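> Below you will find the structure I want to go over with you.
The values are calculated or read from the model by the stated rules, or taken from the named source; none is laboratory data. Since the model is a prediction, treat every value here as computed from it, not as a measurement. Backbone-built Cβ (ideal geometry, glycine too); neighbour counts: all protein chains shown.
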Amino acid sequence: MNENLSNLLYLISIASFILALKFLSSPATARRGNQIGAAGMVLAIAVTLAKDGLDTGTYWLIAIAALIGSAIGVVGARKVKMTAMPQMVALFNGVGGGAVALVALAEYHNTIREHVGPTWDISLAIGVSGLIGSVSFAGSIIAFAKLQELIHGRPITYPGQKIVNLAILGAGIGLAIAIAAGYQATWALIVELILALAFGVLFVLPIGGADMPVVISLLNAFTGIAAAASGFELGSNVLIVSGMLVGASGTLLTLMMGRAMNRSIGNVLFGAFGQIQAGVGEAGPAASGAVRSTSAEDVAIMLAYARKVIIVPGYGLAVAQAQHNVRELADELERRNVEVVYAIHPVAGRMPGHMNVLLAEANVPYTALKEMEEVNPEFPQAEVALVIGANDVTNPAARSNPASPIYGMPILDVDKAQAIVVMKRSMRPGFAGIDNELYLDPKCMMLFGDAKESVIKLLSAVKAL
């Protein structure tokens with residue numbers, strides 16, 4: 001395939017990626033966006049394999065690698081539960097960063113071996129892609145391990161952490177600059193990659209599990225930037241553009257999530273992000289008061305005779321896979337002329353859009369899903385706020401307790417509803433590791449048990465009225 005034709009087909013791929021992002025911005029067109037993006041990627045891969053100059057003797061190796069990767073991707077997409085989707089995103093993102101780092105190492109080694117040496121701009125791209133790709137790989141693996149609970153979700157810190165992190169990062173950047181300046185030695189790039197891997201591990205370890213979605217989004221942006229830099233090494237326009245699309249969208253998502261949690265990017269990179277200080281936020285319901293438990297029958301009466309009910313879905317709903325039962329309960333209430341809406345916090349669950357996707361699976365009308373800014377003014381008019389597993393995003397301490405680790409984080413104003421019912425398995429804290437002051441509110445009642453089983457009991461009790 002000649003260069004002009006390949007560039008034209010690459011342009012079609014690039015247009016496909018841009019259209020995919022456009023369609024992914026709305027749940028109504030998200031499926032089509034995925035299909036367009038996948039088609040664009042298939043076209044880009046096919047054109048790359050058909051380009052002139054590719055060693056045909058390596059096709060069988062490429063085919064084996066493609067089969068292995070495709071098998072892993074298909075199994076992952078079909079078998080991984082929605083509750084484990086953040087782990088899969090982190091893992092796949094890390095693989096992308098690691099691949100970029102390996103490409104940088106191979107490209108640098110080959111040019112030095114051939115005694116031609118890369119030009120300064122290519123050397124700069126190699127240094128940047130290797131550095132950022134390695135950080136993304138190592139950081140994503142740690143994020144995966146924390147979310148999978150292979151590593152404790154609480155922040156892991158040590159004395160002098162910020163100084164050590166800055167020193168390691170500074171040394172890695174120094175080697176990248178040396179490589180760009182013309183220092184041609186494979187060992188320099190290898191050491192740079194090792195330092196970047198160490199930094200990736202060390203800057204994610206101090207981050208708490210509650211804040212991991214922000215980190216995954218940031219690492220995703222890193223991978224995109226690294227892939228774009230890799231495009232300069234390989235002379236691939238489609239890789240440059242697609243990498244920058246990932247980098248830009250990941251950066252915007254990171255900023256939006258940081259704003260939703262009242263965090264700064266500086267906290268993510270160099271702070272003990274999500275760290276809970278000793279003695280802060282620990283005096284919860286067990287220490288300072290008692291909570292009130294209730295029964296499904298009592299809650300059913302409250303729901304059936306309410307005029308407006310706001311359902312607040314959280315990670316507990318996702319774990320129990322109770323979305324279909326919640327939809328059935330909402331349908332039954334609406335048949336009784338009860339207005340039902342769903343309050344969606346930007347970081348409900350473990351990643352943005354998590355609750356939207358789960359509820360869409362149960363055919364909940366998208367118009368019934370209301371974002372935090374839209375639904376918060378409606379809580380005072382709601383007779384009942386039904387909280388299903390959401391913990392940190394409903395904690396009033398974020399507004400009222402300056403000593404709380406989540407102070408300043410925008411939350412759903414559940415405490416302003418006329419009555420509150422919280423469905424939880426136990427009094428175990430959420431990802432932030434602190435108790436929820438909401439549970440001590442005189443208007444709040446606890447319905448303990450598995451979310452799915454509790455919703456089924458509620459539905460039966462409402463129907464029996």
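> Within the stretch 288-347, restricting attention to residues that are among the basic types (Lys, Arg) and in contact with a strand residue (DSSP E or B) (Cβ under 6 Å, 6 or more places away or on another chain), which residue is nearest to ASP435 (Cα to Cα)?
Among those that are among the basic types (Lys, Arg) and in contact with a strand residue (DSSP E or B) (Cβ under 6 Å, 6 or more places away or on another chain), it is ARG292.
> Would it be correct to say that LEU67 is exposed (fewer than 12 other Cβ atoms within 10 Å of the Cβ) and closer than 22 Å to THR48 by Cα?
For LEU67, the condition - exposed (fewer than 12 other Cβ atoms within 10 Å of the Cβ) and closer than 22 Å to THR48 by Cα - is met.
> Another one. Please go through the stretch 89-125 and give me each residue that is closer than 15 Å to GLU192 by Cβ and either aliphatic (A, V, I, L, M) or modelled with pLDDT under 80 (or both), ordered by number.
Answer for the stretch 89-125, where residues must be closer than 15 Å to GLU192 by Cβ and either aliphatic (A, V, I, L, M) or modelled with pLDDT under 80 (or both): VAL100, ALA101, LEU102, VAL103, ALA104, LEU105, ALA106, ILE112, PRO118, LEU124, ALA125.
> Which of the residues belonging to the stretch 370-408 are under 20 Å from ALA330 (Cα atoms) and either of a type in the set (Phe, Trp, Tyr) or surrounded by 20 or more Cβ atoms within 10 Å (Cβ to Cβ) (or both)? Give the steps one after another, and end with the answer.
Quick first cut of the stretch 370-408, residues under 20 Å from ALA330 (Cα atoms) only: 370-372, 374-376, 378-390.
Selection gives VAL375, PHE379, ALA382, VAL384, ALA385, LEU386, VAL387, ILE388, GLY389, ALA390.
> Within the stretch 1-30, count every residue that is more than 18 Å from SER249 (Cα to Cα) and not in a helix (DSSP H, G or I).
The number of residues fulfilling the criteria is 3.
> Still on this structure: Check GLY33, GLY76 and return the single one that is of a type in the set (Gly, Ala, Ser), out of contact with any Lys or Arg (no Cβ under 9 Å at 6 or more places or on another chain) and assigned to a helix (DSSP H, G or I).
Result: GLY76 is the single residue among GLY33, GLY76 that is of a type in the set (Gly, Ala, Ser), out of contact with any Lys or Arg (no Cβ under 9 Å at 6 or more places or on another chain) and assigned to a helix (DSSP H, G or I).
> Identify all residues within the stretch 311-344 that are over 23 Å from LEU465 (Cβ atoms), of a type in the set (S, T, N, Q) and in a helix (DSSP H, G or I); write none if there are none.
GLN323
> Still on this structure, please answer the following. In the stretch 215-244, how many are closer than 28 Å to ASN391 by Cβ, of a type in the set (A, V, I, L, M, F, W, C) and touching a residue at least 60 places away in the same chain (Cβ under 8 Å)?
Residues that pass the stated criteria total 3.
> Just checking, which of VAL47, VAL75 is surrounded by 10 or more Cβ atoms within 10 Å (Cβ to Cβ) and under 21 Å from LEU234 (Cβ atoms)?
The unique qualifying residue is VAL47.
> Where residues in the stretch 18-28 are loosely packed, with under 14 Cβ neighbours inside 10 Å and without any contact (Cβ under 8 Å) to a residue 40 or more places away in the chain, which of them is farthest from PRO352 (Cα to Cα)?
The residue in question is LYS22.
Results for (1) within 23 Å of the chain's Cα centre (by Cα); (2) outside any helix (DSSP H, G or I), shown as yes or no for each residue.
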{"site": "ASN356", "(1), (2)": "yes, no"}
{"site": "PRO377", "(1), (2)": "no, no"}
{"site": "PRO405", "(1), (2)": "yes, yes"}
{"site": "LYS452", "(1), (2)": "no, no"}
{"site": "SER460", "(1), (2)": "no, no"}
